[in-house]
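Okay, structure first, notes after.
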Amino acid sequence: MADIIHLLPDSVANQIAAGEVVQRPASAVKELLENAIDAGATNIQLIIKDAGKTLIQVIDNGNGMSDTDARLAFERHATSKIKNANDLFSIKTMGFRGEALASIAAIAQVELKSKLHEQALGTQVLIEGSEFKCQEVCQFSNGTSIAVKNLFFNVPARRNFLKSDIQEFNHINEEFTRIAIINPNISFSFHHNGKLVFQLDKSNQKQRIVNILGKTYNEKLIPVQQETNIIKFTGFIGKPEFARKTRGEQYFFVNNRFFKHPYFYHAIENAFQELLPEKSFPTYFINFEIDPKEIDINIHPTKTEIKFLDEKTIYALLRSVVKQSIGKFNLSPTLDFEIEQSLSLNPPPKGYDLKPPTIKINPEFNPFDKKNTFSYQSKTQTDREISNQHNWEKLYEERKNQVLFKREIVETQQKIEIKQTENENITNVSFFQLQNKYIVTSIKSGLLIIDQQRASERILFEQFTESIINKTSFSQQQLFPQTIVFNHNDTELIKELKTDLYYLGFDINDFGLNTFVVNGCPADCIDENPQHLIEGMLENYKKNLTDLKIESKINLALSMSRNMAIKYGRKLEKEEIQNLIDKLFACKLPYQSPSGKKILFTLTMDELSEKLK
Ligand code: ADP
Ligand code: MG
């Protein structure tokens, strides 16, 4: 019988390999971005068309390639990143298998331009379906541009398998985010169909997260920082109250490369414990810096799972650092610009030691040293550490109770809602207004009484400070703009505060001669007379200026919230009460009015039966 085995031509072998490396446009994006980072780029541009189906282009200002390298780069197992098997254990780059470009070129039309910094001219290579078309000299800036056109043009079956543009774009967006978020020292831009999606300048880590995920993250993040002799953790976790209902912002990185790890995820979940509202997921961005020898690098390029040699120890360390970060956050002000502190409204309870807790981990501990196994918790603790730990645990408990309490109320509310739909008859029993001053509602542990005016002040205060911090304005345009004449002093004050008044929702034009036209008012007070609103607010503002030495922005938020708050004596509709309760428990400090007074009062069943003895 004749021999039947033969070697596949390279182009076919590459196409088969491509099936593993490039599943969709997003995989090509990932490979190209990683190559640019490996090339030491400080600026990377990503340009895509039709969710990457027509074009994926990455332009970097990295090292560039020589004429020969530009051609070799497309050969399978062509890499500049490792030379021998030993290098595999110290790999610090993103790629090393030398498969990506060969795979991409097997299933697309690729145009590469590259120039080494020391050369005057660059080189251009065209390659289509693994077929080398041409190479010539070209003009190009320092670095490399790789354009991948018509992905899967020669594999129609795969092309047909691509999802809608929206879905494919989302995949690309996620790959881009995973890379851009952990490389804040590199500036990135990202265009889709000619429109700018992201322009990210070089920044610090927190700023990069905020720039990608939105300004609201500015106050949602708690820093995580811990170095031991086997691993260093850096990054951020989301405050428990901002936990998301969907498994959204969860990012682990090892040596700046994204990975997934259900076991370590569990460590984080465990550290948050009951602090997380039910059915919600913690947010985290944590980078693990570790000796490459401690991880199994021989993983498939497209896989995001990574194996660590000593997962148990890392689990314990991770859980501990996250727990401590949550603990420390209780000692710092809730809002970024220290509102509560500057007003001294939120003094810590007596007996609290305000020193931040010291880290409990012994940096000398080496988990690989068998003599030492798991002794890092107690053996080397000094008295001070023990007292700090005690202190920290107290705070943690405190915090937990607060959140649990908050959750109980929220859950009760949800139950009430369910009950309401089940049985209209009990609707009126769920809460009621007492003397047009307090809201009384029953919770699992007893009775909850809410001060309506203080609750409303708290809600508005947080809304206004948020608008001022985030520079957003919720203004409602007046149907008939009103002209108001102020006295000279107030005129000067309004001019001075104009920008921040805008963020409170006031759209005011200066007409000269102490005259202003009010075009818009804060969204929630459309019925109010603008003149009374502004005057009342200025009154409060001036009073605070002399009474309390506080920052102007806080004073404005405070004055405006007091001015607009629901006052005692106002009868509230059922919906208004519900709204007030919902919004109050979405606040950061639902227990205390902005001027430091109690908002809530609970009477537990035990207390009640005590009174009725
Ligand atoms: P790997 O990244 O695993 O080495 P690739 O196929 O992704 O394999 O790339 C092959 C080689 O081409 C790289 O090792 C590198 O030398 C070179 N290369 C790829 N992209 C770039 C780039 N943007 N700038 C400079 N060199 C690059
Ligand atoms: Mg690569």
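The values are calculated or read from the model by the stated rules, or taken from the named source; none is laboratory data. Remember, it's a predicted structure, so these values are computed and weren't measured experimentally. Because the Cβ atoms are built from the backbone with ideal geometry, glycine has one as well, and the counts that use them run over all protein chains shown.
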(Q) Restricting to region 98-122, count the residues that are within 12 Å of ligand 1 (Cβ to nearest atom) and either touching a helix residue (DSSP H, G or I) at 6+ places or on another chain (Cβ under 7 Å) or closer than 22 Å to Leu162 by Cα (or both). (A) 11
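Matching residues to (1) assigned to a helix (DSSP H, G or I); (2) over 35 Å from the mean Cα position of the chain (by Cα); (3) among the small types (Gly, Ala, Ser):
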| site | (1), (2), (3) |
| --- | --- |
| Ile449 | no, no, no |
| Ala455 | yes, no, yes |
| Gln463 | yes, no, no |
| Gln478 | no, yes, no |
| Thr483 | no, yes, no |
| Gly520 | no, no, yes |
| Leu533 | yes, yes, no |
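So, Gly64, is that one within 14 Å of ligand 1 (Cβ to nearest atom), in the same structural domain as Thr144 (by TED's automatic domain parsing), within 17 Å of Ile179 (Cα to Cα) and assigned to a loop (DSSP other than H, G, I, E, B) or not? Full working, then the answer.
Details: within 14 Å of ligand 1 (Cβ to nearest atom): yes; in the same structural domain as Thr144 (by TED's automatic domain parsing): yes; within 17 Å of Ile179 (Cα to Cα): no; assigned to a loop (DSSP other than H, G, I, E, B): yes.
Considered against the rule, which asks whether it is within 14 Å of ligand 1 (Cβ to nearest atom), in the same structural domain as Thr144 (by TED's automatic domain parsing), within 17 Å of Ile179 (Cα to Cα) and assigned to a loop (DSSP other than H, G, I, E, B), Gly64 comes out as no.
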Q. How many of the residues making up region 416-438 are over 35 Å from the mean Cα position of the chain (by Cα) and at pLDDT 50 or above?
A. 9
Q: Would you be able to say whether some residue in region 69-88 is surrounded by 23 or more Cβ atoms within 10 Å (Cβ to Cβ), of a type in the set (Val, Ile, Thr) and in the same structural domain as Phe169 (by TED's automatic domain parsing)?
A: no
Q: Among the residues of region 26-53, write down those that are acidic (Asp, Glu) and more than 16 Å from ligand 2 (Cβ to nearest atom).
A: Asp50
Q. In region 30-39, which residues are in contact with a strand residue (DSSP E or B) (Cβ under 6 Å, 6 or more places away or on another chain) and more than 16 Å from Asn61 (Cβ to Cβ)?
A. none
(Q) Just to be sure I understand the filter: pairs with C-beta atoms under 6 Å, separated by 6 or more residues or on different chains, first member in region 73-84 and within 20 Å of Val110 (Cβ to Cβ) and touching a residue at least 60 places away in the same chain (Cβ under 8 Å), second member small (Gly, Ala, Ser) and near ligand 1 (Cβ under 9 Å from one of its atoms). Which pairs pass? (A) Arg76/Ala102
Q.
So, in region 245-300, exactly how many residues are assigned to a loop (DSSP other than H, G, I, E, B), farther than 30 Å from Asp87 by Cβ and of a type outside the set (D, E, K, R)?
A. 7
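Does Ser130 qualify as being closer than 23 Å to Pro25 by Cα, hydroxyl-bearing (Ser, Thr, Tyr) and more than 11 Å from ligand 1 (Cβ to nearest atom)? Even if it seems obvious, please write down each step before you answer.
Numbers: closer than 23 Å to Pro25 by Cα: yes; hydroxyl-bearing (Ser, Thr, Tyr): yes; more than 11 Å from ligand 1 (Cβ to nearest atom): yes.
For Ser130, the condition - closer than 23 Å to Pro25 by Cα, hydroxyl-bearing (Ser, Thr, Tyr) and more than 11 Å from ligand 1 (Cβ to nearest atom) - is met.
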Q) Only one of (1) without any contact (Cβ under 8 Å) to a residue 40 or more places away in the chain; (2) surrounded by 18 or more Cβ atoms within 10 Å (Cβ to Cβ) fails for Glu539. Which number is that? A) (2)
Q. If the Cβ limit is 9 Å and pairs must be 6+ apart or interchain, which residue in region 42-70 that is closer than 15 Å to Val125 by Cα pairs with which residue that is modelled with pLDDT of 95 or more and away from ligand 1 (no atom under 16 Å from the Cβ)?
A. Gln57/Ile48; Gln57/Lys49; Gln57/Lys149; Asp67/Val137
Q: Scan region 15-56 residue by residue and report those that are surrounded by fewer than 24 Cβ atoms within 10 Å (Cβ to Cβ), more than 27 Å from the chain's Cα centre (by Cα) and within 14 Å of ligand 1 (Cβ to nearest atom).
A: Ala17, Glu20, Val21, Ala39
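Of all helices (runs of 4 or more DSSP H) completely enclosed by region 76-186, which ones contain at least 3 residues that are more than 16 Å from ligand 2 (Cβ to nearest atom) and in contact with a strand residue (DSSP E or B) (Cβ under 8 Å, 6 or more places away or on another chain)? Explain how you work it out, then say what you get.
Values: elements: 100-106, 156-161, 165-181.
Ranges flagged: 165-181.
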Q: Only residues that are part of a strand (DSSP E or B) and not hydroxyl-bearing (Ser, Thr, Tyr): list them for region 231-244, please.
A: Ile231, Lys232, Phe233, Gly235, Phe236, Ile237, Gly238, Arg244
Q | Test: residue in region 480-488 that is more than 15 Å from Met560 (Cα to Cα), surrounded by 15 or more Cβ atoms within 10 Å (Cβ to Cβ), touching an Asp or Glu at 6+ places or on another chain (Cβ under 7 Å) and free of Cβ contacts under 8 Å to residues at least 60 places away in the same chain | A | no
Q: Just give me the residues in region 500-519 being modelled with pLDDT of 85 or more and either touching a helix residue (DSSP H, G or I) at 6+ places or on another chain (Cβ under 7 Å) or within 15 Å of Met537 (Cβ to Cβ) (or both), in sequence order.
A: Asp500, Leu501, Tyr502, Tyr503, Leu504, Gly505, Phe506, Asp507, Ile508, Asp510, Phe516, Val518
Q) When only residues in region 453-499 that are among the polar types (S, T, N, Q) and within 30 Å of Gln435 (Cα to Cα) count, which is modelled with the lowest pLDDT? A) Gln463
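Given the options Leu501, Leu545, Leu558, name the one that is within 26 Å of Leu600 (Cβ to Cβ), in a helix (DSSP H, G or I) and not hydroxyl-bearing (Ser, Thr, Tyr). Quick ask: steps written out before the conclusion?
Numbers: Leu501 fails: within 26 Å of Leu600 (Cβ to Cβ); Leu545 fails: within 26 Å of Leu600 (Cβ to Cβ).
Being within 26 Å of Leu600 (Cβ to Cβ), in a helix (DSSP H, G or I) and not hydroxyl-bearing (Ser, Thr, Tyr) holds for just one of Leu501, Leu545, Leu558, which is Leu558.
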Q: Would you check if there is a residue in region 571-580 being loosely packed, with under 13 Cβ neighbours inside 10 Å and assigned to a helix (DSSP H, G or I)?
A: yes
Q: Write out, first by first residue and then by second, each pair whose Cβ atoms fall under 6 Å of each other, whose residues are 6+ apart or on separate chains, and whose first residue, in region 599-613, is surrounded by 12 or more Cβ atoms within 10 Å (Cβ to Cβ) while the second is modelled with pLDDT under 90 and assigned to a loop (DSSP other than H, G, I, E, B).
A: Ile599/Tyr591; Ile599/Ser593; Leu600/Tyr591; Thr604/Ser445
Q | One residue from Ala18, Ala51 being closer than 30 Å to Ile166 by Cβ, in contact with a Phe, Trp or Tyr (Cβ under 6 Å, 6 or more places away or on another chain) and part of a helix (DSSP H, G or I) | A | Ala51
Q: Mind listing just one residue for me: the one in region 135-152 that is farther than 24 Å from Gly52 by Cα and among the hydrophobic types (A, V, I, L, M, F, W, C) and, of those, nearest to ligand 1 (Cβ to nearest atom)?
A: Cys138
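Say whether the condition of being more than 14 Å from ligand 1 (Cβ to nearest atom) and under 37 Å from the mean Cα position of the chain (by Cα) is met by at least one residue in region 80-91. I'd like the intermediate steps shown before the answer.
Residues of region 80-91 more than 14 Å from ligand 1 (Cβ to nearest atom): 84-86, 89-90.
Then keep just the ones that are under 37 Å from the mean Cα position of the chain (by Cα); that gives 89-90.
Among the residues of region 80-91, at least one is more than 14 Å from ligand 1 (Cβ to nearest atom) and under 37 Å from the mean Cα position of the chain (by Cα), which makes the answer yes.
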Q. Taking the stated definitions as given, is Leu116 surrounded by 16 or more Cβ atoms within 10 Å (Cβ to Cβ) and within 18 Å of Val21 (Cβ to Cβ)?
A. no
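If I filter region 220-256 down to residues being among the aromatic types (Phe, Trp, Tyr) and under 22 Å from Lys307 (Cα atoms), which single residue comes out as surrounded by the fewest Cβ atoms within 10 Å (Cβ to Cβ)? Outline the logic, then answer.
Within region 220-256, the first condition is being among the aromatic types (Phe, Trp, Tyr), and the residues that meet it are 233, 236, 242, 251-253.
Still in the list and also under 22 Å from Lys307 (Cα atoms): 233, 251-253.
Values: Phe233: 21, Tyr251: 19, Phe252: 22, Phe253: 21.
So the residue we want is Tyr251.
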